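> I have a structure I would like to understand better, so I am pasting it below and will then ask my questions one at a time.
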Amino acid sequence: MGLGTLPLLVRQLRARGMPADMPAVAVERGTTSEQRVVFDTLQQLHGSIQEAGLQSPTLLVIGQVVALAPGWTGVQDAAAAGGLSAAAASAAVTSAHDCARLQLDDAVAAVLKQQPQQQRVRQPVGSS
């Protein structure tokens with residue numbers, strides 16, 4: 001699904017009965033270090049994508065499955081607590097996830113760096 005066809009897609013889905021408040025997410029440059037994510041409702045997603053300045057390639061996911069994503073709850077909570085737009089709340093939640101991922105990457109690198117220094121002495125089988 002492309003960004004250019006999103007307004008038409010939303011109109012068609014709404015005309016066929018999909019609720020305006022259906023969870024939706026746009027993932028720009030997914031799985032790369034430049035990934036950006038915007039969560040919002042179906043009706044508001046296009047505006048939030050424009051506000052965030054997302055560009056192709058961007059994957060769109062629409063449906064209740066989006067509500068299962070950890071970011072959905074974080075964005076909803078951040079938007080409600082701070083009066084933020086969905087785009088701003090998504091950016092804040094994404095930044096927090098990126099920070100946590102970098103901290104985890106640093107921790108893993110530190111552990112891997114220490115492993116060569118820790119030599120295990122293996123006893124041959126049958127020796128005491």
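> Of all residues in the stretch 55-73, count the ones that are in contact with an Asp or Glu (Cβ under 9 Å, 6 or more places away or on another chain) and open to solvent by 20 Å² or more (accessible area, probe 1.4 Å).
Qualifying residue count, the stretch 55-73: 4.
> Taking only pairs six or more apart or across chains, which ones have beta-carbon atoms under 6 Å, a first residue in the stretch 72-85 that is under 19 Å from Ile62 (Cα atoms), and a second residue that is modelled with pLDDT under 70 and crowded, with 18+ Cβ neighbours inside 10 Å?
Here the result reads Gly74/Val93; Val75/Ala89; Val75/Ser90; Val75/Val93, each pair linking the stretch 72-85 to a residue that is modelled with pLDDT under 70 and crowded, with 18+ Cβ neighbours inside 10 Å.
> Same structure again: Return the residues of the stretch 19-41 that are farther than 21 Å from Ser56 by Cα and either within 12 Å of the chain's Cα centre (by Cα) or buried (at least 17 other Cβ atoms within 10 Å of the Cβ) (or both); say none if nothing qualifies. Can you show your working first?
In the first step, residues of the stretch 19-41 are kept if they are farther than 21 Å from Ser56 by Cα; the result is 19-22.
Result: Met22, single match.
The values are calculated or read from the model by the stated rules, or taken from the named source; none is laboratory data. Keep in mind it's a predicted model, so treat the numbers as computed, not measured. A quick note on method: Cβ atoms are made from the backbone with ideal geometry, for glycine too, and the neighbour counts reach across all protein chains shown. These accessible areas exclude ligands, DNA and RNA; they are computed on the full protein's heavy atoms, side chains included. Shrake-Rupley method; radii C 1.70, N 1.55, O 1.52, S 1.80 Å.
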